[in-house]
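Peer 1: I'd like to ask you about the structure that follows.
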Amino acid sequence: MKTEFHRITRLPSYVFAEVNKLKAEYRDQGHDIIDFGMGNPDINTESFIVDKLIETVKKPKTHRYSVSRGIKGLRKAQADYYGRRFSVKLDPEKEIIATLGSKEGLANLAMAITDPGDVILVPNPSYPIHPYGFIIAGGSLRHVPTLSNGQFDEDEYFKTLTRSLKHISPKPVAIVISFPSNPTTKTCTLKFYEELVKVAKQNEVWILSDLAYAEIYFGDNPPPSILQVPGAKSVAVEFTSMSKTFSMPGWRMGFAVGNEILIAALEKIKSYLDYGAFTPIQVAAASALSSNPSTIEKVRGIYKKRRDTLVDSMSKAGWKIPSPEATMFAWAPIPEKFKSLGSLQFSKLLLKEADISVAPGIGFGEYGENFVRIGLVENEHRIRQAARNVKSVFTAADRILSEYSSGEIDH
Ligand SMILES: Cc1ncc(COP(=O)(O)O)c(C=O)c1O
């Protein structure tokens, strides 16, 4: 009997699973783990959105199969959002599709457009579906680093990108980008998108932009959309997500918008795979998208306060973490004293010695080593508690490190 499956063997074992297993063990032993590990938004979905779902679910007609590409009212609400937020005009019939979360959209678009062996240019470090959506689809990857000395350097990025586009054979078919970035939290400028669209047009390559953190930003400049670049629709699609913007992660609702060829490809593949999200979810999502900006501002405000508390309290504990400009994460360099452990062992050490769970940077790709990702998914009180725990670990660093000098941090 066949027991080795090509697609499955191409997927590496999940680095995060190792930390999660350890986390579960410590919890079973009674430890109160402060969990910054997963990017699982913990803020309650606003009650008017929940009420809309309840109101709609009482209508038996909504219990039928829904529409795979999203009901008209939802696609129209997304078009209005893009008009208001980015001054980008979208045709809800041809340029918008609802997805079961942006992750599903990314994975199925990868499946729709990738021939076996097609080369895709993906950021590194990155959110895992960016590379692995294409690995599952049978593609090959070329990683483009998005960090140099802990920063995103647009010029460096273009140097590597244009070199890759010139020399790689077969010629890449798509470029994946995602700003604000999970995990690095870095943002990009509209000028970056202008240059990227130019390069994509010259090289006849698609751009898939993941804008999941469009609304989770803390500075004065909201993150731009690639579709703000005139003519971008001829080469680009963009993904957005209700999960972060409206704190609706479990509802599984996102969108792809932009190039109509790519939207049609995604629509076709999805029409074979799903019947769309449950209609009451779509109706509630449309009400969220059409709501007063205060809904989004509230979510943003909570993350901002947590960010400030984290950066401030960890700094006092001796851990200098750059203040993230956007996203619901901090991207923290491993403190010098612990650097030689690497991000996986350092994450295990924090679990064991400080009852804190973080995501090791190596789980996001080789260029993520030397960092850990801290999710802003615990309240301010618990963030301060975490900083106190970290301080105790740092104070006892020499003793702790000597205990581990022989190797693995496990039990
Ligand atoms: C960059 C990025 N894209 C997409 C997603 C997935 O979001 P969704 O819940 O819409 O599938 C995440 C979730 O963490 C993310 O960080």
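Yes/no matrix, rows are residues, columns are (1) part of a helix (DSSP H, G or I); (2) within 23 Å of Ala212 (Cβ to Cβ):
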position	(1), (2)
Ile120	no, yes
Pro123	no, yes
Ser126	no, yes
Phe134	yes, yes
Leu165	yes, no
Ile175	no, yes
Lys186	no, yes
Phe192	yes, yes
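Peer 1: Just to verify a result, which residue in segment 79-103, among those that are within 13 Å of the ligand (Cβ to nearest atom) and not hydrophobic (A, V, I, L, M, F, W, C), is farthest from Met253 (Cα to Cα)?
Peer 2: Just the residues of segment 79-103 that are within 13 Å of the ligand (Cβ to nearest atom), to begin with: 98-103.
Adding the requirement that they be not hydrophobic (A, V, I, L, M, F, W, C) leaves 99, 101-103.
Numbers: Thr99: 6, Gly101: 4, Ser102: 7, Lys103: 9 Å.
Among those that are within 13 Å of the ligand (Cβ to nearest atom) and not hydrophobic (A, V, I, L, M, F, W, C), it is Lys103.
Peer 1: Could you please find all residues in segment 237-273 being of a type in the set (A, V, I, L, M, F, W, C), outside any helix (DSSP H, G or I) and either out of contact with any strand residue (DSSP E or B) (no Cβ under 8 Å at 6 or more places or on another chain) or away from the ligand (no atom under 16 Å from the Cβ) (or both)?
Peer 2: Pass one, segment 237-273, residues of a type in the set (A, V, I, L, M, F, W, C): 237, 239, 242, 246, 248, 251, 253, 255-257, 261-266, 269, 273.
After this cut, where a residue has to be outside any helix (DSSP H, G or I) as well, the list is 237, 239, 246, 248, 253, 255-257.
Result: Phe246, Met248.
Peer 1: Here's a follow-up. How about segment 104-119: which of its residues are closer than 15 Å to Phe239 by Cβ and away from the ligand (no atom under 12 Å from the Cβ)? Explain how you work it out, then say what you get.
Peer 2: Of the residues in segment 104-119, the ones closer than 15 Å to Phe239 by Cβ are 104-113.
Matches in segment 104-119: Leu109, Ala110, Met111, Ala112, Ile113.
Peer 1: I'd like the full set of residues that are open to solvent by 10 Å² or more (accessible area, probe 1.4 Å), away from the ligand (no atom under 16 Å from the Cβ) and within 19 Å of the chain's Cα centre (by Cα), limited to segment 156-202.
Peer 2: If the condition is that a residue be open to solvent by 10 Å² or more (accessible area, probe 1.4 Å), away from the ligand (no atom under 16 Å from the Cβ) and within 19 Å of the chain's Cα centre (by Cα), then Thr189 is the only one that fits.
Peer 1: Given (1) open to solvent by 30 Å² or more (accessible area, probe 1.4 Å); (2) more than 18 Å from Lys186 (Cβ to Cβ), identify the lone condition not met by Ser291.
Peer 2: (1)
Peer 1: Oh, and also: Show the residue pairs that are 6+ apart or on different chains and have beta-carbon atoms under 6 Å apart, the first residue being within segment 304-315 and among the hydroxyl-bearing types (Ser, Thr, Tyr), the second being modelled with pLDDT of 95 or more.
Peer 2: Thr309/Glu380; Thr309/Ile383; Ser313/Arg384; Ser313/Ala387
Peer 1: Go through the residues of segment 51-73 one by one and say whether even a single one is of a type in the set (Lys, Arg), open to solvent by less than 30 Å² (accessible area, probe 1.4 Å) and either within 16 Å of the ligand (Cβ to nearest atom) or outside any loop (DSSP other than H, G, I, E, B) (or both). Break it down into steps so the answer makes sense when it comes.
Peer 2: As a first pass, look at segment 51-73 and keep what is of a type in the set (Lys, Arg): 52, 58-59, 61, 64, 69, 72.
Applying the additional criterion that residues be open to solvent by less than 30 Å² (accessible area, probe 1.4 Å) yields none.
No, because not a single residue in segment 51-73 is of a type in the set (Lys, Arg), open to solvent by less than 30 Å² (accessible area, probe 1.4 Å) and either within 16 Å of the ligand (Cβ to nearest atom) or outside any loop (DSSP other than H, G, I, E, B) (or both).
Peer 1: When only residues in segment 29-44 that are part of a loop (DSSP other than H, G, I, E, B) and open to solvent by less than 30 Å² (accessible area, probe 1.4 Å) count, which is farthest from Val390 (Cα to Cα)? Working first, answer last.
Peer 2: Applying the first criterion (part of a loop (DSSP other than H, G, I, E, B)) to segment 29-44 yields 29-33, 36-44.
Remaining after also requiring open to solvent by less than 30 Å² (accessible area, probe 1.4 Å): 33, 36-37, 39, 41, 43.
Numbers: Ile33: 13, Phe36: 13, Gly37: 15, Gly39: 21, Pro41: 23, Ile43: 25 Å.
Ranking the qualifying residues of segment 29-44, first place goes to Ile43.
Peer 1: How many of the residues making up segment 130-139 are open to solvent by less than 40 Å² (accessible area, probe 1.4 Å) and either touching a Gly at 6+ places or on another chain (Cβ under 8 Å) or within 14 Å of the ligand (Cβ to nearest atom) (or both)?
Peer 2: Applying the first criterion (open to solvent by less than 40 Å² (accessible area, probe 1.4 Å)) to segment 130-139 yields 130-131, 133-135, 137-139.
Pick out the ones that are also either touching a Gly at 6+ places or on another chain (Cβ under 8 Å) or within 14 Å of the ligand (Cβ to nearest atom) (or both) and you get 130-131, 133, 138-139.
So the count comes out to 5.
The values are calculated or read from the model by the stated rules, or taken from the named source; none is laboratory data. Since we're looking at a predicted model, the values are computed, not measured. Neighbour counts run over all protein chains shown; Cβ positions are idealised from the backbone, glycine included. Accessible surface areas use protein heavy atoms only, side chains included; no ligands, DNA or RNA. Shrake-Rupley method; radii C 1.70, N 1.55, O 1.52, S 1.80 Å.
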